[in-house]
Amino acid sequence: MNVVTRFAPSPTGYLHVGGLRTALYSYLYAKQQNGTFILRIEDTDQARLVPGAVDALIATLKTMGLPPDKGPYIQSERLELYREHVQRLLDKGDAYYCFCTKERLTALREEQQAMKSPMKYDRTCLHLSKDEIASKIAANEPHVVRLLVPEGKTTFTDEIRGEITIDNKEVDDQVLLKTDGFPTYHLAVVVDDNDMSVTHIIRGDEWISSVPKHVILYNMFGFTLPKFAHLPLILNPDKSKLSKRQGDVAVEDYLAKGYLPETLTNFVALLGFNPTADREIYSFDELVQLFDLSKINKSGAVFDHAKLDWMNGMYLRTKSTPELIALAKPFFEKSQVSIDPSFLERICEIEKDRLVTLQDLADRALEYLQSIEFDPAILVWKKADATDAKMHLVALRQVLEKTPDDMFTDRILLEAAVKKYIEEGSYQNGNVLWPLRAALSGKEKSPNPFELLWIFGKQESLKRIDHAVSLLK
Ligand code: GLU
């Protein structure tokens, strides 16, 4: 069997993390099976069109390493195909015209709501005669075409949920063709998945309740049923459905914050699926090899932000310093940080292990560049006083001043020079290293003083020490 999967988003203007998972799983499965991955834009809801959304989506898929093999197919460019299919159903009596007004349908819904009965169209228009229909159409009366749901039961197998049977009594006579002549999602999805020979429909759980309608349509058209796989919901840590309110849901927002595409694919791949019990970092090729529809969980997958942060840090640490600098370039531009390249390399080298995002690197670099203002109290080690701190800073300044410039390119030599001062005076490390570190960073917490001396170089280090000394009375 030639496997064909598809990603069929509505062009909302951004890629939701749930959409990324659908696209990713569909892509992984197609690649693993030497199949084809299709992109289809489901834009039949003309009221919800967002300009530029399709290009933006394609760009994001490319960034994420998920370029489609075919497409984008655009549903609004395929209207004739849907109309032909609706005509086939009308001709066979599997669909019917409906002229009910919005007002009537609203009143019907309210009535059903009040009686607590299932909300379904009451088939008033099913009983119109051929002549009545013809004259209404001739008079340009607005109308839709509805599916005539047959009696009986509908059964299908979901690869994740197993066999599902539903009584057709529960299925509404779905609108297939809208007043504006556009198909509804339900008609277009069935026609297109068949037309594009899609063999595996992988998508979010929210679509599972639509499958009975689709299966009815497949049967009416005589199409071969594809395999369905509905992925578990993605949840907030409090187990509610992932929502904007509790954090970002757009992949573009994560990229803009400096999460790497490879982190996001790895992280999203594990939402509802864990290839092996013993680890969480997988290369893209491993994901292709290990992807297994039968191993996808039925229950919801929690979006764990702390895990995402951890994972991004892990991926950032696999990058070389030049790679990191290149990746962080847009973030420097955004933050308007312009920095000497060798200074940046040293910052990168020291900060690498502590980064969560690429934005962090730009933020840290900015901090190193800024002149520092701080409370002089931070210069004083907890077991010492200001006089002691000042005395050591003044002495260290002399030591460092005498240290040749080229020693500042070697952290080990800088450490040896400061340690020699400590040993010769039999001081405690804290008395010396604490004020030095705080003087250089202007912060209570920072990299160690040798790293800071190395980052700043001689002139800037001396300047910072002088500034600290001037703050100590
Ligand atoms: N157009 C639907 C969406 O926006 C796709 C549903 C499907 O994959 O069938 O998510």
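Key figures for this structure:
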| item | result |
| --- | --- |
| 14 Å beta-carbon shell around PRO404, net charge (K/R +1, D/E -1) | -2 |
| Longest DSSP-loop-exposure-free segment, GluC sites (Glu not before Pro), the chain, at most 13 other Cβ within 10 Å | 152-372 |
| Summed residue charge, Cβ within 14 Å of PRO9's Cβ, Lys/Arg positive, Asp/Glu negative | -2 |
| Aspartates and glutamates with Cα under 20 Å of LYS473, excluding same-chain neighbours fewer than 8 positions away | GLU373, ASP375, ASP385, ASP388, GLU444 |
| Between 0 and 90°, nearest 10: helix 102-114 axis offset from the chain longest Cα axis | 80 |
| Rg/Rh (Cα only; Kirkwood hydrodynamic radius) as it applies to region 1-78 | 0.97 |
| Alpha carbon Rg of region 260-371, scaled by the compact-globule rule 2.2 N^0.38 Å | 1.28 |
| The chain, relative contact order [Cα under 8 Å, separation at least 6], % | 13 |
| Listed pairs LYS178/LYS239; LYS244/LYS295; LYS62/LYS334; LYS239/LYS329; LYS390/LYS419 exceeding 25 Å between Cα atoms | LYS178/LYS239; LYS244/LYS295; LYS239/LYS329 |
| Neighbourhood net charge (10 Å Cβ-Cβ; Lys/Arg +1, Asp/Glu -1) for LEU233 | 0 |
| SER335 paired with GLU170, simple spin-label distance in nm, labels 7 Å along Cα-to-beta-carbon | 5.3 |
| Whole-percent pair-distance distribution, where bins are 5 Å wide, for the alpha carbons of region 124-211 | 3, 10, 17, 20, 19, 13, 8, 6, 3, 1 |
| Debye intensity ratio I(q)/I(0), log10, region 368-414, q values 0.32 Å⁻¹ (C-alpha model) | -1.01 |
| Full-extension gain in nm, ARG354 to ASP385, via 0.36 nm per residue minus C-alpha separation | 8.1 nm |
| Region 186-222 versus region 275-307: alpha-carbon centroid distance in Å | 26 |
| R0 of 45 Å, Cβ-Cβ distance VAL399-THR318: FRET efficiency to nearest 0.05 | 0.75 |
| Of the trypsin sites (Lys or Arg not before Pro) in region 357-439, those whose Cβ has at most 13 other Cβ within 10 Å and which sit in DSSP loop | LYS382, LYS383 |
| The chain - mean residue ellipticity at 222 nm from DSSP helices (-39,500 (n - 2.57) per run, n ≥ 4, rounded to 500) | -15000 deg cm²/dmol |
| Eligible aspartates and glutamates near LYS298 by straight Cα distance, threshold 14 Å, same-chain separation 8 or greater | ASP158, GLU159, GLU163, ASP205, GLU206 |
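FYI, it's all coordinate maths here, none of it is from the lab. These numbers were taken from a predicted model, which means no experiment stands behind them. With ideal geometry, Cβ positions are generated from the backbone for all residues, glycine too; neighbour counts draw on all protein chains shown.
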